[in-house]
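Engineer: Below is a structure I'd like to ask you about.
The values are calculated or read from the model by the stated rules, or taken from the named source; none is laboratory data. As the structure is a prediction and not an experimental result, all values here were calculated from the model. Reconstructed Cβ throughout: ideal geometry from the backbone, glycine too, with neighbour counts over all protein chains shown. Note: accessible area is taken over every heavy atom of the protein model, side chains too, but ligands, DNA and RNA are not part of it. Shrake-Rupley method; radii C 1.70, N 1.55, O 1.52, S 1.80 Å.
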Amino acid sequence: MFSFRNFRYSSVLNNEILKYILIISLLLGPSFLISDTSPELAVPGQPETAKLFILDASGSMNEYLGIYQKVHLAKKYVRHYVDKLPEETEVGFIAYGNRLPGCQSSRLYQPLEKGNRPGFQNKLFGLTPSGATPLAESIRIAGDYIVRRKSPTDLILVTDGIESCYGNPEKELQVLQQKGINFKMHIFGLGLKPEEKRVMQSLAKTGNGKYYNVGEDSDFFLAMEDLLKQEPLPKRTEVESEKRKPKIRIAGIEKNQTDSEENFYRVKFVFENSDSDNQCVLLNLKRRSSTSSKIQSWNPQRASEPERVLRTEQICFRSRKGEGEFQISAPAHLPLNLELELWDTKGIPSPVDKSGEKNLTE
């Protein structure tokens with residue numbers, strides 16, 4: 001039988017044991033004291049809904065919708081949507097077609113990840129339309145991918161056509177629902193015919209999502225903005241409103257009267273857009289409105305009431321930030337305003353921000 005009598009210096013040993021117990025208590029103590037607020041043990045909040053796009057890269061996406069190719073519009077507004085999401089939102093995409101013939105072209109090109117926006121964008125802009133439209137296969141692949149995940153997922157389908165490979169997309173959605181997968185499916189239909197539109201509306205309804213009909217560039221913008229409004233992002237909105245600063249602003253206007261008929265102006269500006277190193281500043285010289293318009297511009301990054309624009313000028317830069325000036329002349333007797341726009345010209349040109357109007361002739 002083991003006995004402490006075997007130790008001549010039991011009191012010394014007891015002191016050592018007490019010392020070790022004290023050390024262990026100190027090491028463990030804080031974790032118990034803060035267990036209610038510790039990140040590891042705290043009750044998790046509502047998980048962010050992941051966004052998995054299903055993108056049409058079939059041959060018909062090379063066709064035009066208005067003045068733009070459908071594929072260019074899809075890339076432009078998918079990027080716009082993703083850029084507006086919080087960094088902690090997982091985003092990824094599946095695409096079909098993309099130079100692959102036949103009805104088995106669906107691939108997971110970008111897994112759901114947080115923060116990897118450059119990787120997402122590079123793969124997105126690398127898509128080249130060709131091939132068929134296997135919607136059912138794409139939904140099945142998306143379902144197989146998200147079934148292993150516990151967080152809710154939004155499937156966002158962007159397409160210009162219905163199933164062309166004899167599959168049944170609606171049945172595939174029902175299979176996912178029977179598996180208990182937490183998802184919704186939203187659909188953007190690009191230039192669909194009336195019967196195709198009805199098919200897609202029914203598919204979105206089965207997927208507990210929304211259908212958006214896209215007939216032109218502005219439709220796409222408004223549809224993406226509407227989908228963004230469905231996001232529960234109050235904290236993000238507060239942070240953005242506190243920290244947001246304009247990406248383009250008028251730094252000063254110098255006026256020199258050359259004669260009684262004409263004035264000469266130097267319009268100085270500064271810009272900063274960390275998302276691109278290719279951008280242009282656009283100056284809009286506008287007639288002053290006699291009444292304050294309450295009509296909201298369809299694109300908040302563009303100059304309001306374009307019908308008042310008399311002429312435009314632009315200066316382009318290959319940098320993320322900088323400054324410059326326009327030198328313009330204008331009739332002295334006309335009441336004029338001016339407004340600047342900043343455009344990202346990397347890839348498909350898209351508006352980034354505007355300066356707001358300033359009175360030029362005061």
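Engineer: What accessible area per residue, rounded to a whole number of Å², is obtained for the stretch 50-230 using a probe radius of 1.4 Å?
Structural biologist: Values: 7760 Å² over 181 residues.
Accessible area per residue: 43 Å².
Engineer: Just the number, please: carbon plus sulfur as a percent of the accessible area of the stretch 122-213, 1.4 Å probe, no ligands or DNA/RNA counted. Show your work: numbers first, answer last.
Structural biologist: Working: 2040 of 4310 Å².
The C+S portion of the solvent-accessible surface of the stretch 122-213 is 47 percent.
Engineer: Taking square-rooted eigenvalues a ≥ b ≥ c of the alpha carbon gyration tensor, is the stretch 50-230 rounded, prolate or oblate, where a/c under 1.5 means rounded and, failing that, a/b exceeding b/c means prolate?
Structural biologist: Rounded is the answer for the stretch 50-230, as its axis ratio a/c remains below 1.5.
Engineer: Counting only residues 5 or more places away or on other chains, whose amide H sits under 5 Å from the amide H of G131 once H atoms are built in the peptide plane?
Structural biologist: Under 5 Å from the amide H of G131 lie the amide H atoms of G59, each far enough along the sequence or on another chain.
Engineer: Compute the signed sum of charges (Lys and Arg +1, Asp and Glu -1) over the other residues within less than 12 Å, Cβ to Cβ, of I54.
Structural biologist: -1
Engineer: Still on this model: Can you order the peptides 93-106, 305-318 by their average number of other Cβ atoms within 10 Å per residue, highest first?
Structural biologist: 93-106, 305-318
Engineer: What pairs from K245/K321; K84/K197; K51/K171; K150/K179; K247/K346; K76/K346 go past 18 Å between their alpha carbons?
Structural biologist: Pairs exceeding 18 Å: K84/K197; K51/K171.
Engineer: Residue by residue through the stretch 125-135, which ³J(HN,Hα) values in whole Hz follow from phi under the Karplus form 6.51 cos²θ - 1.76 cosθ + 1.60 (θ = phi - 60°), with glycine and proline marked x?
Structural biologist: After applying 6.51 cos²θ - 1.76 cosθ + 1.60, I find 6, x, 5, 10, x, 4, x, 9, 10, x, 5 Hz.
Engineer: Still on this structure, please answer the following. Could you give the size of the charge dipole of the stretch 50-230 about its Cα centre, using +1 on the Cβ of each K and R and -1 on the Cβ of each D and E, expressed in debye and rounded to the nearest 20?
Structural biologist: 440
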